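Read through the structure below, which is laid out as structure tokens, and then see the notes.
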Amino acid sequence: MIQTLTRLEQLRATISAWKREGLRVGFVPTMGNLHAGHYSLVTLARQHADRVVSSVFVNPTQFGPNEDFTRYPRTPEADTRGLAAAGCDALWLPEVEAMYPFGVELAAKIHVPGVSGVLEGACRPGHFDGVCTVVTRLFNQVQPDVAAFGRKDFQQLAVIRQLVADLQMPVEILAGEIVREDDGLAMSSRNQYLSPDERAVAPAIHRTLLAMHASMQAGVPRARVEAEADAALRSAGFVPDYAVVRRPDFSEPADGEGGARVALIAARLGRTRLIDNVEFDLPA
């Protein structure tokens, strides 16, 4: 049976008891409104730990002034049931005051330079500062041995890995695979914002990513691949923020160069902003 913890002293007492028993603790941080993608991270954490904690906290510091903080879906009862069914041992459900005891405006902030400044970071200034700030606080609270994050947020995963390495946090970061709907759309809490007509169009993001992969494998110049992807998305009704191919460190590869690649898209469909990516290798 899952424990629901709402006070920091409860959380710390629970974690301390587990660690006195020599148990490894896994952690899955979320903003709630959970789906199969989140539950797959619980399964992943369970494979590397004896006990698993998940948090549900809609973090105000990672939303921009014109973003969807107030309308972000909050479903704590359904989340609790889903986490229990997924085998989660404890749910950390803090209030804003527990996360930011001096208030959001006076909160100490964490900035990870370099990797956080491009693509998502350029489109959403301050977003990754908010992510890194809350993840650092959650790691301090939960004290996990391992923590699981999804590959759908590819850049977020890279930023968190750099954060952990730079601050020498004793946490192993696990990367969970993207979980998709039958039509290829990456699962996301924001998918429910889509109207029925928009939902029918949304899988075009994944199809565009697969086309980018195929074109790169065929030797098409990267600039042309990116231009064709942008045009395809606009033709389908999206307003792209970016549709690019990068090395895993987000630097721009030269044409004809082999190695690991990731195609990344962020695009708006109506009022909903969707992201997705496909990782692949090019032969030397």
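Readers should treat all values here as calculations from the given coordinates under stated rules, not as data from a laboratory. Bear in mind the structure is a predicted one, so any value in this text is a computation, not a measurement. Reconstructed Cβ throughout: ideal geometry from the backbone, glycine too, with neighbour counts over all protein chains shown.
The modelled label-to-label distance for the pair GLN3/GLN192, using points 7 Å beyond Cα in the direction of Cβ, is 2.8 nm. I need the calculated FRET efficiency for the pair ALA108 and ASP166, taking r as the beta carbon distance and R₀ as 25 Å, to the nearest 0.05. E between ALA108 and ASP166, to the nearest 0.05, is 0.95. Each residue of the range 118-124 was assigned a 3J(HN,Hα) from its phi angle through the Karplus expression (A = 6.51, B = -1.76, C = 1.60, θ = phi - 60°), giving 10, 6, 4, x, 6, 6, 10 Hz with x at Gly and Pro. Rounded, prolate or oblate: which fits the range 135-282, taking a ≥ b ≥ c as square roots of the Cα gyration tensor eigenvalues, rounded meaning a/c under 1.5, else prolate when a/b beats b/c? Note, shape of the range 135-282 comes out oblate. For LEU282, the residues whose modelled amide H falls within less than 5 Å of its own, excluding neighbours fewer than 5 places apart on the same chain, are GLY259, ALA260, ARG261.
Can you compute the charge dipole magnitude of the range 3-176 about its Cα centre, using +1 on each Lys and Arg Cβ and -1 on each Asp and Glu Cβ, nothing else charged? Give it in debye, rounded to the nearest 20.
Numbers: 16 positive and 17 negative charges, 58 e Å.
Charge dipole of the range 3-176: 280 debye, to the nearest 20.
Using a simple spin-label model with pseudo-atoms 7 Å out from Cα toward Cβ, ARG207 and ARG268 lie 2.4 nm apart.
Treat the count of other C-beta atoms within 10 Å as a stand-in for reagent exposure and order ILE275, ILE173, ILE178, ILE160 from fewest to most. If you can, show how the numbers build up before the last one.
Working: ILE275 22, ILE173 15, ILE178 18, ILE160 26.
Lowest to highest Cβ neighbour count: ILE173, ILE178, ILE275, ILE160.
A dipole drawn for the range 189-278 from +1 and -1 charges on Cβ atoms has a positive end, and of GLY259, LEU209, PRO248 the residue lying farthest that way is LEU209.
A value for semi-axes √(5λ) of the Cα gyration tensor in Å was derived from the coordinates, and within the list (1) 26, 23, 19; (2) 37, 28, 18; (3) 33, 20, 19 it appears as (3).
Extension gain for SER235 to ALA122 (0.36 nm times residue separation, less C-alpha to C-alpha distance): 38.3 nm. Let me make sure I get this right: for the range 159-229, a, b and c are the square roots of the gyration tensor eigenvalues over alpha carbons, sorted descending. Under 1.5 in a/c it's rounded, otherwise prolate if a/b > b/c, else oblate. Which is it? Oblate, because a/c is 1.5 or more while a/b does not exceed b/c.
Mind running the shape call on the range 9-55? Use the C-alpha gyration tensor, a ≥ b ≥ c as the square roots of the eigenvalues: rounded below 1.5 for a/c, prolate if a/b tops b/c, oblate otherwise. Kindly include the intermediate steps, with their values, before the conclusion.
Numbers: a/c = 4.50, a/b = 1.57, b/c = 2.86.
Because a/c hits 1.5 or more and a/b fails to exceed b/c, the range 9-55 counts as oblate.
Converting phi to 3J(HN,Hα) with the Karplus coefficients 6.51, -1.76 and 1.60 and the offset θ = phi - 60°, the range 181-198 yields 6, 4, 8, x, 5, 5, 5, 7, 4, 7, 4, 6, 6, 6, 6, x, 5, 5 Hz in sequence order, with x at every glycine or proline.
Extension gain, ARG81-GLU177: 0.36 nm per intervening residue step, less the Cα-Cα distance, totals 32.3 nm. For the range 31-77 versus the range 176-232, the spacing of their alpha-carbon centroids is 23 Å.
Once the C-beta distance of ASN140 and PHE69 is scaled by a Förster radius of 22 Å, the resulting FRET efficiency is 0.45 to the nearest 0.05.
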